[in-house]
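The values are calculated or read from the model by the stated rules, or taken from the named source; none is laboratory data. Being a predicted model, the structure only gives us computed values, none of them experimental. Neighbour counts run over all protein chains shown; Cβ positions are idealised from the backbone, glycine included.
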Amino acid sequence: MGMSDLYGPSDEAESIATIHAALDAGINLIDTGDFYGMGHNEMLIGRALAERNRDEVLISVKFGPLRDADNGFNGIDTRPVAVKNFLAYTLRRLGTDHVDVYRPARLDPNVPIEETVGAIAEMVEAGHVRRIGLSEVGADTLRRAHAVHPISDLQIEYSLVSRGIEDEILPTCRELGIAVTAYGVLSRGLISGHWSRERSERARSGRDFRSMSPRFQGENLDHNLELVDRLRSVADAKGASVAQVAIAWVLGRGADIVPLIGARRRDRLDEALGALDVELTDADLAAIEDAVPPGSAAGDRYNEHQMALLDSER
Ligand SMILES: NC(=O)c1ccc[n+]([C@@H]2O[C@H](COP(=O)([O-])OP(=O)(O)OC[C@H]3O[C@@H](n4cnc5c(N)ncnc54)[C@H](OP(=O)(O)O)[C@@H]3O)[C@@H](O)[C@H]2O)c1
């Protein structure tokens, strides 16, 4: 996402080099959305994979959000006819004949989930899609969707500072045999150890999601950076970085939880991969919980308008 949209400027050559480095390191899941840069991200991935064996990679694509020429967001459309239209464009932009996991980015309040999943199931039948996923939906929607066609995974925010799924959504996924692809593992950079008040200032002058995110503002930011300092003490004691501890924590929550990491440069990728070597003992986990107790982050994970679009928060 950050290679094409929402996190300020990025470097295209470095983005492609990062995707290649990820594949070389054995990463085999790439997540995108057709609306990330209005198709830019899919074309970028298509270019990166043109020199590689596409069948060694699972491509996960989100669809539905409607955009405009001023970079705005204008709601969502997951009607069956829209599903087929979005998918046709996606396949062409990616330069592939199938998407490995296809999912609506948000629940469309005007379309029963059964109709959307039914339409994707037709695309599975036709060979254009391999698996069906969901994003940011709650337990009831998961059950209704899963009754139409098996759901492979729920993509949802999950990190040390966003543990909302633990009460109901994660147990429901586990009951139904649905995996979780966790995003925002670094809380969009906030708990990466590389964020600062100065970066929040810079985000304000560019097109950056973080300029509108409650967690990155004013007193909330001060409080949240204090949490990061506490986490840094745990990380220092382990000889790891803050980002590595935050990633290792999510990795340790279960084999059915796959972290999506938003690295857009090779140095960030290298750091993230280092998390695979960080083993957290029970004492480490206790120290981490003590540093960042559940619910301790200040501010919601989206602004009020965006929160209202989340079925997972109902
Ligand atoms: N389903 C959904 O609603 C949804 C929502 C958001 C994202 N996603 C998916 O999840 C993916 C990851 O989300 P995200 O980008 O918000 O997650 P993230 O990994 O929590 O945050 C990425 C941010 O952290 C910074 N960072 C600092 N150190 C890093 C390190 N070692 N490794 C990686 N990043 C580091 C990045 O760097 P710099 O800024 O310094 O480059 C970037 O700004 C997205 O690409 C997208 O595919 C899905």
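General observations
- Subset of the range 80-110 (residues that are buried (at least 16 other Cβ atoms within 10 Å of the Cβ) and not in a helix (DSSP H, G or I)): Thr96, His98, Val99, Asp100, Val101, Tyr102, Arg103, Pro104, Ala105, Arg106, Leu107, Asp108
- Pair list, Cβ under 9 Å, 6 or more apart: the range 145-160 residue closer than 13 Å to Tyr102 by Cβ, other residue within 11 Å of the ligand (Cβ to nearest atom) and in a loop (DSSP other than H, G, I, E, B): Ala145/Val137; Gln155/Ala105; Gln155/Glu136; Gln155/Leu260
- Any chance Gly118 is more than 20 Å from Leu269 (Cα to Cα) and away from the ligand (no atom under 16 Å from the Cβ): yes
- Residue in the range 235-250 that is outside any helix (DSSP H, G or I), touching a residue at least 24 places away in the same chain (Cβ under 8 Å) and basic (Lys, Arg) present: no
- For the range 177-200, a residue qualifies if it is over 30 Å from Ser152 (Cβ atoms), within 14 Å of the ligand (Cβ to nearest atom) and not hydrophobic (A, V, I, L, M, F, W, C), and the qualifying residues are Gly193, His194, Ser196, Glu198, Arg199, Ser200.
- Residues satisfying the stated conditions in the range 263-279, i.e. near the ligand (Cβ under 10 Å from one of its atoms) and crowded, with 19+ Cβ neighbours inside 10 Å: Ala263, Arg268, Leu269, Glu271, Ala272, Ala275
- Single residue of Val258, Val242 found to be closer than 30 Å to Gly37 by Cα, surrounded by 22 or more Cβ atoms within 10 Å (Cβ to Cβ) and either within 21 Å of the chain's Cα centre (by Cα) or of a type in the set (Val, Ile, Thr) (or both): Val242
- Boolean, Ala203 is more than 17 Å from the chain's Cα centre (by Cα), hydrophobic (A, V, I, L, M, F, W, C), part of a helix (DSSP H, G or I) and within 11 Å of the ligand (Cβ to nearest atom): yes
- Leading residue by the ranking (surrounded by the most Cβ atoms within 10 Å (Cβ to Cβ)) among those in the range 112-128 that are in contact with an Asp or Glu (Cβ under 8 Å, 6 or more places away or on another chain) and not in a helix (DSSP H, G or I): His128
- Residue identified as more than 15 Å from Met1 (Cα to Cα), surrounded by fewer than 19 Cβ atoms within 10 Å (Cβ to Cβ) and within 16 Å of the ligand (Cβ to nearest atom) among Leu49, Leu66: Leu66
- Pairs where the first residue, in the range 25-43, is under 13 Å from Val101 (Cα atoms) and assigned to a strand (DSSP E or B) and the second is more than 12 Å from the ligand (Cβ to nearest atom) and modelled with pLDDT under 95, C-beta under 9 Å, 6+ apart: none
- Evaluated against (1) acidic (Asp, Glu); (2) crowded, with 22+ Cβ neighbours inside 10 Å; (3) part of a helix (DSSP H, G or I), Asp153 falls short on exactly one condition, (3).
- Given (1) in a loop (DSSP other than H, G, I, E, B); (2) under 23 Å from Gly33 (Cα atoms), index of the condition Arg268 fails: (1)
- Looking across the range 201-216, just one residue is among the polar types (S, T, N, Q) and either at pLDDT 95 or above or surrounded by 21 or more Cβ atoms within 10 Å (Cβ to Cβ) (or both), and that is Ser213.
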